[in-house]
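A short worksheet on the structure shown next.
The values are calculated or read from the model by the stated rules, or taken from the named source; none is laboratory data. Here the structure is a predicted model, which is why all the values come from computation and not from measurement. All Cβ positions, glycine included, derive from the backbone under ideal geometry; neighbour counts span all protein chains shown. Quick note on the areas: whole protein, heavy atoms, side chains included, nothing else; ligands and nucleic acids left out. Shrake-Rupley method; radii C 1.70, N 1.55, O 1.52, S 1.80 Å.
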Amino acid sequence: MYHFKREEHDKAISWLTSASKMGDMQALFQLAIMHYDGIGTLANLTKGVELLKMVVDNGDPAFQFLIPHAQYNLGMAAFMGYGMPQDDDTAEHYWLQAGKEGDPDGSVAAQSQLGMFYTRRDTKDLKKAFYWHYFAAENGNLESKGALGVMYYTGGGTDPDRELAFKCLCEASERGSLYAQGNLVVYYYESRLFTRAAHCAWSIAQTEDVKAAAEKVGLLLAFVRRGVALGCFYYARCLQTGRGVQKNESEAIQYFKKAIEACPLTASELQQKLKNDEL
């Protein structure tokens with residue numbers, strides 16, 4: 001690990017290989033990640049997967065804490081089809097094992113991933129999505145905290161609860177989630193709190209580098225893109241109508257364009273709401 005932290009990757013691979021042969025599963029796990037991601041060596045997805053499976057199969061009680069993390073990575077490999085055939089069922093299997101029924105000792109990343117997995121069109125089950133987002137959020141996952149707020153607000157997989165929705169969205173927003181902040185704008189706007197909506201939306205709309213914003217707080221880029229698009233679009237609508245801010249239709253056009261740049265799909269959904277006179 002000393003060599004890895006100093007980015008002496010050649011030496012790190014040599015040391016990790018020796019340590020793993022002596023039964024050090026933590027070294028084996030790190031070696032698997034290096035091969036899978038191509039750190040200090042040419043990427044070898046198949047070898048990375050094989051080493052991760054060895055970590056999962058190890059019976060040493062001292063290294064059981066590594067197993068959920070290896071299972072999460074194997075689930076991602078199966079989901080993406082990297083290093084093994086793409087298969088949703090296999091991905092789900094590994095993530096369910098890694099999630100450990102929401103236990104904090106499980107992989108919180110797997111718990112959150114299951115929440116997102118069960119909102120997909122092909123694997124949709126909103127009650128399961130709510131279950132996994134709930135536990136992932138309880139275990140500290142920022143993406144799931146924001147998603148939980150949206151599910152409480154819309155009644156997705158649970159009974160609608162505006163108070164809990166507001167609480168979750170505020171907590172995630174305070175921790176830097178642009179996704180939660182964007183949905184908080186929706187909450188304010190639909191509650192006719194236009195000044196708050198416009199202020200919050202303006203703040204989000206000042207985001208210039210979406211990728212950098214995602215990396216800063218460790219959030220999925222897709223979540224951040226949607227949050228920024230929500231902020232831009234709703235601020236544009238406030239400018240267009242004069243709700244909560246001085247009316248300025250020419251400036252509104254610029255923010256509508258910015259929403260499209262941030263996330264075309266989200267902007268398209270909101271444009272349809274405008275056509276239906278729902279926004």
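Just one of (1) assigned to a helix (DSSP H, G or I); (2) surrounded by fewer than 18 Cβ atoms within 10 Å (Cβ to Cβ) fails for Leu96. It is (2). The requirement of being within 19 Å of Arg226 (Cα to Cα), at pLDDT below 95 and either in contact with a helix residue (DSSP H, G or I) (Cβ under 9 Å, 6 or more places away or on another chain) or open to solvent by 30 Å² or more (accessible area, probe 1.4 Å) (or both) is fulfilled somewhere in the stretch 121-138, by at least one residue.
Please give the helices (runs of 4 or more DSSP H) falling wholly within the stretch 112-192 in which 2 or more residues are among the β-branched types (Val, Ile, Thr). Even if it seems obvious, please write down each step before you answer.
Values: elements: 126-138, 142-154, 162-174, 178-190.
Hits in the stretch 112-192: 142-154, 178-190.
Hey, among the residues in the stretch 99-110 that are part of a helix (DSSP H, G or I) and open to solvent by 30 Å² or more (accessible area, probe 1.4 Å), which one's farthest from Ala70 (Cα to Cα)? Checking each candidate, the answer is Glu101. Taking the conditions (1) closer than 22 Å to Pro264 by Cβ; (2) in contact with a helix residue (DSSP H, G or I) (Cβ under 7 Å, 6 or more places away or on another chain); (3) of a type in the set (A, V, I, L, M, F, W, C) in turn, Ala212 satisfies each one other than (2). In summary, Phe63 fulfils each of the numbered conditions (1) surrounded by 16 or more Cβ atoms within 10 Å (Cβ to Cβ); (2) outside any helix (DSSP H, G or I) with the single exception of condition (2). Checking each residue in the stretch 66-93 for being part of a helix (DSSP H, G or I), surrounded by 15 or more Cβ atoms within 10 Å (Cβ to Cβ) and over 19 Å from the mean Cα position of the chain (by Cα) picks out Leu66, Ile67, Thr90, His93. Looking at Gly23, is it open to solvent by less than 40 Å² (accessible area, probe 1.4 Å) and not in a helix (DSSP H, G or I)? For Gly23, the condition - open to solvent by less than 40 Å² (accessible area, probe 1.4 Å) and not in a helix (DSSP H, G or I) - is met.
Could you check the stretch 197-208 and list, in sequence order, the residues that are modelled with pLDDT of 95 or more and either buried (at least 19 other Cβ atoms within 10 Å of the Cβ) or over 18 Å from Lys247 (Cβ atoms) (or both)? Those that are modelled with pLDDT of 95 or more and either buried (at least 19 other Cβ atoms within 10 Å of the Cβ) or over 18 Å from Lys247 (Cβ atoms) (or both): Ala197, Ala198, Cys200, Ala201, Trp202, Ser203, Ile204, Ala205, Gln206, Thr207.
The one condition from (1) assigned to a helix (DSSP H, G or I); (2) of a type in the set (A, V, I, L, M, F, W, C); (3) touching a residue at least 24 places away in the same chain (Cβ under 8 Å); (4) open to solvent by 20 Å² or more (accessible area, probe 1.4 Å) that Ala212 does not meet is (3). Could you go through the stretch 7-16 and let me know if any residue there is of a type in the set (A, V, I, L, M, F, W, C), in contact with an Asp or Glu (Cβ under 9 Å, 6 or more places away or on another chain) and not in a helix (DSSP H, G or I). Checked against the condition, which is being of a type in the set (A, V, I, L, M, F, W, C), in contact with an Asp or Glu (Cβ under 9 Å, 6 or more places away or on another chain) and not in a helix (DSSP H, G or I), the stretch 7-16 yields no hits at all.
When Ala70, Ala43, Ala91, Ala27 are screened for being among the aliphatic types (A, V, I, L, M) and over 30 Å from Asp122 (Cβ atoms), only Ala27 passes.
Hey, any hits in the stretch 172-190 for a residue that's over 24 Å from Cys263 (Cα atoms), at pLDDT 95 or above and open to solvent by 30 Å² or more (accessible area, probe 1.4 Å)? I'd like the intermediate steps shown before the answer.
Pass one, the stretch 172-190, residues over 24 Å from Cys263 (Cα atoms): none.
No, because not a single residue in the stretch 172-190 is over 24 Å from Cys263 (Cα atoms), at pLDDT 95 or above and open to solvent by 30 Å² or more (accessible area, probe 1.4 Å).
The number of residues in the stretch 139-159 that are surrounded by fewer than 17 Cβ atoms within 10 Å (Cβ to Cβ), over 17 Å from Glu174 (Cβ atoms) and of a type outside the set (S, T, N, Q) comes to 2.
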